[in-house]
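Engineer: Questions regarding the structure given below will be posed in turn.
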Amino acid sequence: LEYAISVFDDISNIKQFENELIEAKKLVEESLKLKESFLSNMSHEIRTPINAILGFAELLGKRDIGTEENEYVRIIRSAGENLLRLLNDILDFSKLESNMMVFEEHPVSIDGILNSICVLYLPKAKSKGITLSYECDNNVPEVVIGDPVRLTQVITNIVGNAIKFTPKGSVLIFAKMISSNEKTSIIEFRIKDSGIGISKDKLSRVFKRFEQAGVETTRLYGGTGLGLSIAKHIVQSQGGEITVTSELGVGSIFSFTMEFANFNEAELSNATPIE
Ligand code: ADP
């Protein structure tokens with residue numbers, strides 16, 4: 001009987017523990033949502049003055065107010081842009097953490113997105129003497145259904161780093177089909193650079209939030225330490241995986257997969273448009 005009572009006690013303890021866990025989980029979810037909404041409101045309040053600073057700095061930058069003064073204006077603009085980037089990164093990170101990031105579904109041209117990213121980064125790459133190009137395998141569908149903004153964000157975070165941490169050589173982007181069925185296609189994106197590389201002990205930490213290679217790197221290259229962690233969250237929440245291999249002084253390869261719904265023109269033209 002004693003044994004039966006102790007088992008019964010254990011079971012009720014487990015039940016109580018389970019209920020406490022459920023309550024704790026609810027509290028965590030609620031506090032994440034509160035944090036997200038606090039950050040959204042704050043970011044709106046901060047964005048307005050930053051935009052005023054940036055707008056007037058841009059106007060001033062167009063005037064010839066003296067070499068030294070123009071340099072000050074350039075520094076104000078660059079600091080303002082960094083602040084805006086940090087704000088957007090923190091907001092995105094918080095949305096991803098509390099599962100509040102909304103992923104949209106639109107027809108997406110993979111080739112078009114890679115081309116736009118190359119066009120965007122070409123001036124920066126050229127100024128450093130880096131070759132930047134992309135290759136899209138023939139079997140990658142012309143159009144898929146996905147979120148173009150979030151896909152672009154993941155690739156630009158990686159490509160931006162690749163260019164930043166590559167003193168000379170090349171940055172190459174590849175896209176290839178991994179598998180497909182009637183409904184979906186899994187595409188792999190690979191970004192290969194011939195840059196400074198990442199040491200073995202730091203490799204496992206690059207996807208962690210606010211992780212940077214070290215004080216020296218931060219001072220030299222700037223950045224928020226959130227880019228790769230946001231990329232990882234986006235990729236994982238879309239059912240994909242992100243990995244990196246690297247060799248110091250040789251370069252790094254970042255790869256990630258993403259699953260897209262197949263684009264079906266007939267289905268789309270039969271769909272009732274949302275009014
Ligand atoms: P950051 O804003 O500092 O670039 P990220 O999360 O994008 O933050 O990257 C984290 C760190 O990983 C960087 O500070 C850098 O040290 C390292 N890193 C990322 N990409 C590369 C790369 N292609 N080559 C060398 N180091 C890299």
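Engineer: Just to be sure, is N139 polar (S, T, N, Q) and either closer than 24 Å to I230 by Cβ or free of Cβ contacts under 8 Å to residues at least 24 places away in the same chain (or both)?
Structural biologist: Working: polar (S, T, N, Q): yes; either closer than 24 Å to I230 by Cβ or free of Cβ contacts under 8 Å to residues at least 24 places away in the same chain (or both): no.
Judged against the criteria, N139 is not a match.
Engineer: With (1) at pLDDT 95 or above; (2) in contact with a strand residue (DSSP E or B) (Cβ under 8 Å, 6 or more places away or on another chain) as the list, and V250 as the residue in question, which single condition is left unmet?
Structural biologist: The single condition V250 does not satisfy is (2).
Engineer: Let me ask you something else. Out of everything in region 99-157 that is aliphatic (A, V, I, L, M) and part of a strand (DSSP E or B), what residue ends up being surrounded by the most Cβ atoms within 10 Å (Cβ to Cβ)? Give the derivation first.
Structural biologist: As a first pass, look at region 99-157 and keep what is aliphatic (A, V, I, L, M): 100-102, 108, 110, 113-114, 117, 119-120, 122, 125, 130, 132, 140, 143-145, 149, 151, 154-155.
Those left that are additionally part of a strand (DSSP E or B): 108, 130, 132, 143-145.
Working: V108: 21, I130: 21, L132: 24, V143: 18, V144: 22, I145: 19.
Filtering region 99-157 for residues that are aliphatic (A, V, I, L, M) and part of a strand (DSSP E or B), the one surrounded by the most Cβ atoms within 10 Å (Cβ to Cβ) comes out as L132.
Engineer: Test N161 against the criterion of being touching a residue at least 24 places away in the same chain (Cβ under 8 Å), within 16 Å of the ligand (Cβ to nearest atom) and either within 11 Å of the chain's Cα centre (by Cα) or open to solvent by less than 30 Å² (accessible area, probe 1.4 Å) (or both), and give yes or no. Before you say what the answer is, go through the steps one by one.
Structural biologist: On the way: touching a residue at least 24 places away in the same chain (Cβ under 8 Å): yes; within 16 Å of the ligand (Cβ to nearest atom): yes; either within 11 Å of the chain's Cα centre (by Cα) or open to solvent by less than 30 Å² (accessible area, probe 1.4 Å) (or both): no.
No: the conditions fail for N161.
Engineer: Any idea how many residues of region 164-179 are more than 9 Å from the ligand (Cβ to nearest atom) and open to solvent by 10 Å² or more (accessible area, probe 1.4 Å)? Let's see the steps before the verdict.
Structural biologist: Residues of region 164-179 more than 9 Å from the ligand (Cβ to nearest atom): 167-170, 172-179.
Subset that is open to solvent by 10 Å² or more (accessible area, probe 1.4 Å): 167-170, 172, 174, 176-179.
Adding up the residues that qualify gives 10.
Engineer: Among (1) polar (S, T, N, Q); (2) surrounded by 11 or more Cβ atoms within 10 Å (Cβ to Cβ); (3) under 22 Å from M100 (Cβ atoms), which single condition is N70 missing?
Structural biologist: Failed condition: (3).
Engineer: Hey, F103 hits all of (1) over 19 Å from the mean Cα position of the chain (by Cα); (2) modelled with pLDDT of 90 or more but one; which does it fall short on?
Structural biologist: Answer for F103: the failing condition is (1).
The values are calculated or read from the model by the stated rules, or taken from the named source; none is laboratory data. Values in this document were obtained by computation on a predicted structure and should not be read as measured data. Cβ atoms come from the backbone with ideal geometry, glycine included; neighbour counts cover every protein chain shown. Ligands, DNA and RNA are stripped out before the accessible areas are found, and what is left, the full protein with its side chains, is counted by its heavy atoms. Shrake-Rupley method; radii C 1.70, N 1.55, O 1.52, S 1.80 Å.
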